[in-house]
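Before any comments, here is the structure.
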Amino acid sequence: MQRPQGDPWDSLWSDFDALRAKVRASKAQNINAKGLREAGKSLVQSYFRAARPQLLDLGLDANQIADLDAPMQELLRLANGLNNKRSYERQLDTIRRYKPGLDIHREMLLGGQAQKTGSALPHSHLERMIVDTLKQLLPSAALSYEQALQDLAGSQRLSYRGTAVELRECLRELLDHLAPDAAVVKAPGFAYEKGLTKPTMKQKARFILKNRGGAQSSVSSAEDAVLRIEEATASLARSVYMRGSVSTHVATTLREARELKLYADAVLAELLEILGR
(Lines give C-alpha, C1' and ligand atoms only; values in the text may rest on other atoms or scores of the structure.)
Protein backbone atom coordinates (compact mmCIF):
# COMPACT_ATOMS: atom_id res chain seq x y z
CA MET A 1 0.00 0.00 0.00
CA GLN A 2 1.50 3.34 -1.03
CA ARG A 3 2.07 5.89 1.72
CA PRO A 4 0.57 9.36 1.26
CA GLN A 5 3.08 12.15 0.79
CA GLY A 6 4.09 13.65 4.11
CA ASP A 7 3.03 10.57 6.08
CA PRO A 8 3.48 11.61 9.75
CA TRP A 9 5.00 8.30 10.88
CA ASP A 10 7.53 8.09 8.06
CA SER A 11 8.42 11.77 8.45
CA LEU A 12 8.91 11.30 12.19
CA TRP A 13 11.51 8.59 11.72
CA SER A 14 13.26 10.42 8.93
CA ASP A 15 13.68 13.39 11.29
CA PHE A 16 14.66 11.01 14.09
CA ASP A 17 17.47 9.46 12.02
CA ALA A 18 18.76 12.92 11.11
CA LEU A 19 18.76 14.08 14.73
CA ARG A 20 20.39 10.88 15.96
CA ALA A 21 23.18 11.19 13.40
CA LYS A 22 23.86 14.83 14.35
CA VAL A 23 23.92 14.05 18.07
CA ARG A 24 26.35 11.19 17.49
CA ALA A 25 28.56 13.40 15.34
CA SER A 26 28.71 16.17 17.95
CA LYS A 27 32.13 16.51 19.58
CA ALA A 28 30.81 18.47 22.55
CA GLN A 29 30.20 16.87 25.94
CA ASN A 30 26.92 18.75 26.29
CA ILE A 31 24.31 19.44 23.61
CA ASN A 32 24.21 23.23 23.74
CA ALA A 33 23.81 24.06 20.06
CA LYS A 34 20.48 25.79 19.50
CA GLY A 35 19.91 23.99 16.17
CA LEU A 36 20.22 20.53 17.72
CA ARG A 37 18.01 21.40 20.67
CA GLU A 38 15.36 22.87 18.36
CA ALA A 39 15.51 19.71 16.23
CA GLY A 40 14.87 17.64 19.38
CA LYS A 41 11.87 19.79 20.31
CA SER A 42 10.52 19.61 16.77
CA LEU A 43 10.80 15.81 16.77
CA VAL A 44 8.79 15.50 19.98
CA GLN A 45 6.18 17.93 18.70
CA SER A 46 5.83 15.93 15.48
CA TYR A 47 5.30 12.78 17.51
CA PHE A 48 2.62 14.12 19.84
CA ARG A 49 0.87 16.37 17.33
CA ALA A 50 0.88 14.19 14.21
CA ALA A 51 2.40 10.70 14.40
CA ARG A 52 0.82 9.62 17.68
CA PRO A 53 -2.71 10.77 16.70
CA GLN A 54 -2.30 8.89 13.41
CA LEU A 55 -1.51 5.67 15.28
CA LEU A 56 -4.59 6.12 17.45
CA ASP A 57 -6.75 6.87 14.40
CA LEU A 58 -5.53 3.65 12.78
CA GLY A 59 -6.74 1.70 15.78
CA LEU A 60 -3.71 1.22 18.02
CA ASP A 61 -4.60 1.20 21.68
CA ALA A 62 -3.09 3.99 23.80
CA ASN A 63 -1.45 1.33 25.98
CA GLN A 64 0.47 0.04 22.95
CA ILE A 65 1.91 3.51 22.38
CA ALA A 66 2.51 4.46 26.01
CA ASP A 67 6.03 3.03 26.16
CA LEU A 68 7.15 5.52 23.52
CA ASP A 69 5.55 8.50 25.27
CA ALA A 70 7.95 8.57 28.24
CA PRO A 71 11.26 8.74 26.33
CA MET A 72 9.76 11.33 23.99
CA GLN A 73 8.81 13.46 27.00
CA GLU A 74 12.30 13.01 28.43
CA LEU A 75 13.85 14.07 25.12
CA LEU A 76 11.78 17.27 25.27
CA ARG A 77 13.01 17.92 28.81
CA LEU A 78 16.61 17.51 27.64
CA ALA A 79 16.08 19.81 24.66
CA ASN A 80 14.67 22.54 26.89
CA GLY A 81 17.96 22.82 28.76
CA LEU A 82 21.69 22.28 28.45
CA ASN A 83 22.29 18.57 28.96
CA ASN A 84 24.87 15.85 28.50
CA LYS A 85 25.29 14.29 25.07
CA ARG A 86 25.15 10.80 26.57
CA SER A 87 21.72 11.57 28.05
CA TYR A 88 20.46 12.37 24.56
CA GLU A 89 21.97 9.18 23.16
CA ARG A 90 20.30 7.04 25.83
CA GLN A 91 16.87 8.52 25.13
CA LEU A 92 17.28 8.23 21.37
CA ASP A 93 18.35 4.59 21.72
CA THR A 94 15.31 3.92 23.90
CA ILE A 95 12.97 5.57 21.40
CA ARG A 96 14.48 3.54 18.55
CA ARG A 97 13.87 0.24 20.37
CA TYR A 98 10.12 0.75 20.35
CA LYS A 99 9.86 1.39 16.61
CA PRO A 100 9.83 -2.24 15.30
CA GLY A 101 6.91 -3.33 17.49
CA LEU A 102 4.82 -0.29 16.57
CA ASP A 103 5.74 -0.73 12.90
CA ILE A 104 4.29 -4.24 12.98
CA HIS A 105 0.97 -3.15 14.49
CA ARG A 106 0.75 -0.19 12.12
CA GLU A 107 1.44 -2.26 8.99
CA MET A 108 -1.21 -4.79 9.98
CA LEU A 109 -3.79 -2.05 10.52
CA LEU A 110 -2.88 -0.35 7.24
CA GLY A 111 -3.24 -3.69 5.49
CA GLY A 112 -6.64 -4.20 7.05
CA GLN A 113 -7.76 -0.77 5.88
CA ALA A 114 -6.59 -1.53 2.35
CA GLN A 115 -8.64 -4.72 2.27
CA LYS A 116 -11.78 -2.92 3.46
CA THR A 117 -11.47 -0.31 0.72
CA GLY A 118 -10.67 -2.88 -1.96
CA SER A 119 -7.23 -1.37 -2.63
CA ALA A 120 -5.15 -4.31 -1.41
CA LEU A 121 -3.10 -4.89 -4.56
CA PRO A 122 -0.01 -7.09 -4.75
CA HIS A 123 3.45 -5.54 -4.51
CA SER A 124 2.82 -2.74 -2.09
CA HIS A 125 5.93 -1.04 -0.73
CA LEU A 126 6.20 -3.57 2.10
CA GLU A 127 5.53 -6.54 -0.21
CA ARG A 128 8.23 -5.39 -2.63
CA MET A 129 10.73 -5.07 0.19
CA ILE A 130 9.89 -8.57 1.45
CA VAL A 131 10.22 -10.07 -2.03
CA ASP A 132 13.46 -8.25 -2.83
CA THR A 133 15.07 -9.21 0.48
CA LEU A 134 13.97 -12.84 0.24
CA LYS A 135 15.28 -13.11 -3.33
CA GLN A 136 18.74 -12.21 -2.06
CA LEU A 137 18.57 -14.45 1.00
CA LEU A 138 16.30 -17.39 0.10
CA PRO A 139 15.03 -17.42 -3.50
CA SER A 140 12.72 -20.40 -2.89
CA ALA A 141 11.04 -18.58 0.00
CA ALA A 142 10.60 -15.54 -2.26
CA LEU A 143 8.82 -17.75 -4.81
CA SER A 144 6.43 -19.07 -2.15
CA TYR A 145 5.61 -15.53 -1.04
CA GLU A 146 5.08 -14.33 -4.61
CA GLN A 147 2.81 -17.31 -5.30
CA ALA A 148 0.68 -16.32 -2.32
CA LEU A 149 0.49 -12.75 -3.66
CA GLN A 150 -0.71 -14.03 -7.02
CA ASP A 151 -3.30 -16.27 -5.37
CA LEU A 152 -4.75 -13.41 -3.35
CA ALA A 153 -4.73 -10.99 -6.29
CA GLY A 154 -6.72 -13.35 -8.51
CA SER A 155 -10.48 -13.91 -8.42
CA GLN A 156 -10.78 -17.42 -9.84
CA ARG A 157 -9.44 -19.60 -7.02
CA LEU A 158 -11.80 -22.11 -5.43
CA SER A 159 -9.49 -22.96 -2.54
CA TYR A 160 -6.93 -21.02 -0.55
CA ARG A 161 -5.39 -23.93 1.32
CA GLY A 162 -2.37 -23.81 -0.97
CA THR A 163 -2.05 -20.07 -0.39
CA ALA A 164 -1.86 -20.62 3.35
CA VAL A 165 0.74 -23.34 2.92
CA GLU A 166 2.89 -21.11 0.69
CA LEU A 167 2.90 -18.35 3.32
CA ARG A 168 3.67 -20.79 6.12
CA GLU A 169 6.46 -22.46 4.15
CA CYS A 170 8.00 -19.11 3.29
CA LEU A 171 8.11 -18.25 6.99
CA ARG A 172 9.28 -21.73 8.02
CA GLU A 173 12.14 -21.65 5.53
CA LEU A 174 13.26 -18.24 6.76
CA LEU A 175 13.10 -19.32 10.40
CA ASP A 176 15.10 -22.47 9.64
CA HIS A 177 17.71 -20.38 7.86
CA LEU A 178 18.05 -17.76 10.61
CA ALA A 179 17.65 -20.18 13.53
CA PRO A 180 19.01 -23.69 12.84
CA ASP A 181 17.69 -26.36 15.22
CA ALA A 182 21.15 -27.03 16.66
CA ALA A 183 21.58 -23.38 17.67
CA VAL A 184 18.10 -23.00 19.14
CA VAL A 185 18.28 -26.06 21.40
CA LYS A 186 21.58 -24.82 22.87
CA ALA A 187 20.05 -21.50 23.93
CA PRO A 188 19.82 -20.93 27.72
CA GLY A 189 16.47 -22.05 29.11
CA PHE A 190 15.36 -23.88 25.97
CA ALA A 191 12.94 -26.77 26.45
CA TYR A 192 11.06 -28.77 23.84
CA GLU A 193 7.33 -28.20 23.82
CA LYS A 194 5.35 -31.17 25.06
CA GLY A 195 5.43 -34.13 22.68
CA LEU A 196 7.87 -32.51 20.25
CA THR A 197 11.49 -33.27 19.42
CA LYS A 198 12.25 -30.15 17.37
CA PRO A 199 12.00 -26.42 18.12
CA THR A 200 8.72 -24.83 17.05
CA MET A 201 8.41 -21.86 14.71
CA LYS A 202 7.46 -19.74 17.72
CA GLN A 203 10.60 -20.78 19.60
CA LYS A 204 12.74 -19.99 16.56
CA ALA A 205 11.22 -16.53 16.22
CA ARG A 206 11.90 -15.85 19.91
CA PHE A 207 15.49 -17.11 19.55
CA ILE A 208 16.19 -14.77 16.61
CA LEU A 209 14.69 -11.63 18.12
CA LYS A 210 16.10 -12.19 21.62
CA ASN A 211 19.57 -12.64 20.14
CA ARG A 212 19.17 -9.31 18.38
CA GLY A 213 18.30 -7.64 21.65
CA GLY A 214 14.78 -6.83 20.55
CA ALA A 215 12.29 -5.26 22.95
CA GLN A 216 9.99 -7.71 24.70
CA SER A 217 6.99 -6.15 22.95
CA SER A 218 8.51 -6.99 19.54
CA VAL A 219 9.30 -10.56 20.60
CA SER A 220 5.80 -11.13 21.97
CA SER A 221 4.14 -9.64 18.87
CA ALA A 222 6.17 -11.90 16.59
CA GLU A 223 5.40 -14.98 18.69
CA ASP A 224 1.67 -14.20 18.66
CA ALA A 225 1.73 -13.68 14.90
CA VAL A 226 3.54 -17.00 14.31
CA LEU A 227 0.94 -18.83 16.39
CA ARG A 228 -1.87 -17.20 14.40
CA ILE A 229 -0.21 -18.27 11.15
CA GLU A 230 0.02 -21.87 12.39
CA GLU A 231 -3.61 -21.84 13.51
CA ALA A 232 -4.89 -20.18 10.33
CA THR A 233 -3.03 -22.63 8.11
CA ALA A 234 -4.54 -25.57 9.99
CA SER A 235 -7.99 -23.96 9.79
CA LEU A 236 -7.77 -23.51 6.02
CA ALA A 237 -6.58 -27.10 5.60
CA ARG A 238 -9.70 -28.31 7.45
CA SER A 239 -12.16 -25.84 5.97
CA VAL A 240 -13.18 -27.79 2.88
CA TYR A 241 -14.43 -30.59 5.09
CA MET A 242 -16.16 -28.32 7.59
CA ARG A 243 -18.21 -26.11 5.25
CA GLY A 244 -20.97 -27.31 3.00
CA SER A 245 -21.63 -24.40 0.67
CA VAL A 246 -18.90 -23.85 -1.90
CA SER A 247 -19.67 -20.13 -2.20
CA THR A 248 -19.52 -19.69 1.56
CA HIS A 249 -16.33 -21.74 1.68
CA VAL A 250 -14.57 -19.64 -0.94
CA ALA A 251 -15.57 -16.27 0.56
CA THR A 252 -14.65 -17.32 4.08
CA THR A 253 -11.33 -18.88 3.22
CA LEU A 254 -10.32 -15.89 1.09
CA ARG A 255 -10.89 -13.63 4.09
CA GLU A 256 -8.93 -16.02 6.31
CA ALA A 257 -6.06 -16.20 3.83
CA ARG A 258 -5.88 -12.42 3.66
CA GLU A 259 -5.81 -12.17 7.44
CA LEU A 260 -3.07 -14.80 7.54
CA LYS A 261 -1.02 -12.76 5.07
CA LEU A 262 -1.20 -9.70 7.32
CA TYR A 263 0.38 -11.69 10.14
CA ALA A 264 2.92 -13.24 7.77
CA ASP A 265 3.90 -9.80 6.47
CA ALA A 266 4.41 -8.53 10.01
CA VAL A 267 6.65 -11.44 11.03
CA LEU A 268 8.62 -11.49 7.78
CA ALA A 269 9.26 -7.77 8.02
CA GLU A 270 10.46 -8.13 11.59
CA LEU A 271 12.72 -11.10 10.86
CA LEU A 272 14.14 -9.50 7.72
CA GLU A 273 14.67 -6.21 9.58
CA ILE A 274 13.06 -4.15 6.86
CA LEU A 275 10.48 -2.09 8.77
CA GLY A 276 13.10 0.25 10.10
CA ARG A 277 14.71 0.92 6.76
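The values are calculated or read from the model by the stated rules, or taken from the named source; none is laboratory data. Just so we're clear, the structure is a prediction, and the values are computed from it rather than from any experiment. All Cβ positions, glycine included, derive from the backbone under ideal geometry; neighbour counts span all protein chains shown.
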Subject >> Residues satisfying the stated conditions in segment 54-70, i.e. at pLDDT 90 or above and either among the aromatic types (Phe, Trp, Tyr) or under 19 Å from PRO8 (Cβ atoms) (or both) >> reply: LEU68, ASP69
**OP:** Could you check GLY59 against (1) on the phi > 0 side of the Ramachandran plot; (2) exposed (fewer than 11 other Cβ atoms within 10 Å of the Cβ) and say which number it fails?
**Re:** (2)
Subject >> Residues being among the basic types (Lys, Arg) and at pLDDT 85 or above - total across segment 259-277 >> reply: 1
**OP:** For segment 16-44, enumerate the residues that are surrounded by fewer than 16 Cβ atoms within 10 Å (Cβ to Cβ) and under 20 Å from the mean Cα position of the chain (by Cα).
**Re:** ASP17
**OP:** Could you look through segment 71-127, keep only residues that are modelled with pLDDT under 85 and polar (S, T, N, Q), and pick out the one that is surrounded by the fewest Cβ atoms within 10 Å (Cβ to Cβ)?
**Re:** THR117
Subject >> Condition broken by THR248, with the remaining ones in (1) more than 18 Å from GLU273 (Cα to Cα); (2) crowded, with 19+ Cβ neighbours inside 10 Å; (3) modelled with pLDDT under 85 satisfied >> reply: (2)
**OP:** Among the residues of segment 171-204, count how many are in a helix (DSSP H, G or I) and out of contact with any Asp or Glu (no Cβ under 9 Å at 6 or more places or on another chain).
**Re:** 13
**OP:** Name the one entry in GLY195, GLY214 that is modelled with pLDDT under 85 and small (Gly, Ala, Ser).
**Re:** GLY214
**OP:** Say whether the condition of being at pLDDT 90 or above, farther than 18 Å from ALA266 by Cβ and assigned by TED's automatic domain parsing to the domain that holds LYS202 is met by at least one residue in segment 159-173.
**Re:** no
**OP:** Within segment 205-220, work out how many residues are in a helix (DSSP H, G or I), under 15 Å from the mean Cα position of the chain (by Cα) and crowded, with 17+ Cβ neighbours inside 10 Å.
**Re:** 7
Original post:
Mind checking whether some residue in segment 190-200 is surrounded by 15 or more Cβ atoms within 10 Å (Cβ to Cβ) and within 30 Å of ARG97 (Cβ to Cβ)?
Top reply: yes
